[in-house]
Every structure is written in C-alpha cells, then in structure tokens.
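Peer 1: Take this structure first; my questions come after.
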Amino acid sequence: MLVKALVNLIVSIDLSDEETVDSDFASSAFEDVMAAFEELSEGDRVVISQIIQSMAESESSSARREALLELPESFGLIDEDD
C-alpha cells in the first residue's frame, strides 16, 4: 500500500506542469526516492517493479500508464538492459 501511494505521488509530480510543482522541488524529491531505491535489495526492487507494472496494467489514463511503465527504469529499479 505504501509503495502504491509513493508511486502515485511520483507520477502525479512527474505529470504536473511547472506552475503546479516547482521543477527544483520535483528533481530533489525524485533524487531522494532514487537514492532510497538504490539501498534496496535486488529482490525488493523486483517486487516494487512488479507492483508498478500491475498498477500500469490497471491504469485507465494513458499518460499515467506510460509514466508508470517508464518509472522502474528511470528510477533505477531495473537496468536498461532488463
């Protein structure tokens, strides 16, 4: 449940315009999340990636679905080669 809440927050910030969310704040917040993800075990990163994939599959908004599908790679949960 906590992972879904964090992921929804990340996606909402990502899809917001600069008038809604300051880009410096967004960058700083994303860097903090990526740093936390780096500290997780490989198994935990896989589980989080699977949760995100499941969220994407049930998402009705195409913009949010695309952001969800890009998130694991862009946040370092999976390697680009995976």
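The values are calculated or read from the model by the stated rules, or taken from the named source; none is laboratory data. Note that the coordinates shown come from a computational prediction; the quantities given were computed from them, not determined experimentally. Cβ: placed from backbone, ideal geometry, glycine included. Neighbour counts: every protein chain shown.
Peer 1: Within the stretch 34-50, can one find any residue that is among the basic types (Lys, Arg) and surrounded by fewer than 16 Cβ atoms within 10 Å (Cβ to Cβ)? Spell out how you get there, then give the answer.
Peer 2: Step one: list which residues in the stretch 34-50 are among the basic types (Lys, Arg), which gives 45.
From what is left, the residues that are surrounded by fewer than 16 Cβ atoms within 10 Å (Cβ to Cβ) are none.
No: zero hits.
Peer 1: Pull out all pairs, ordered by first then second residue, where Cβ-Cβ is under 9 Å, the residues are six or more apart or on different chains, the first lies in the stretch 18-29 and is closer than 16 Å to Ser74 by Cβ, and the second is of a type in the set (Asp, Glu) and part of a helix (DSSP H, G or I).
Peer 2: As it stands, the answer is Ala26/Asp14, since those pairs meet every condition given.
Peer 1: Still on this structure: Is it fair to say Glu59 is in contact with a Lys or Arg (Cβ under 7 Å, 6 or more places away or on another chain), at pLDDT 95 or above and charged (D, E, K, R)? Spell out how you get there, then give the answer.
Peer 2: Numbers: in contact with a Lys or Arg (Cβ under 7 Å, 6 or more places away or on another chain): yes; at pLDDT 95 or above: yes; charged (D, E, K, R): yes.
When the stated conditions are applied, Glu59 passes them.
Peer 1: Let me ask you something else. Considering only residues that are surrounded by fewer than 15 Cβ atoms within 10 Å (Cβ to Cβ) and touching a residue at least 40 places away in the same chain (Cβ under 8 Å), which ones fall in the stretch 52-82?
Peer 2: The one that is surrounded by fewer than 15 Cβ atoms within 10 Å (Cβ to Cβ) and touching a residue at least 40 places away in the same chain (Cβ under 8 Å): Ala63.
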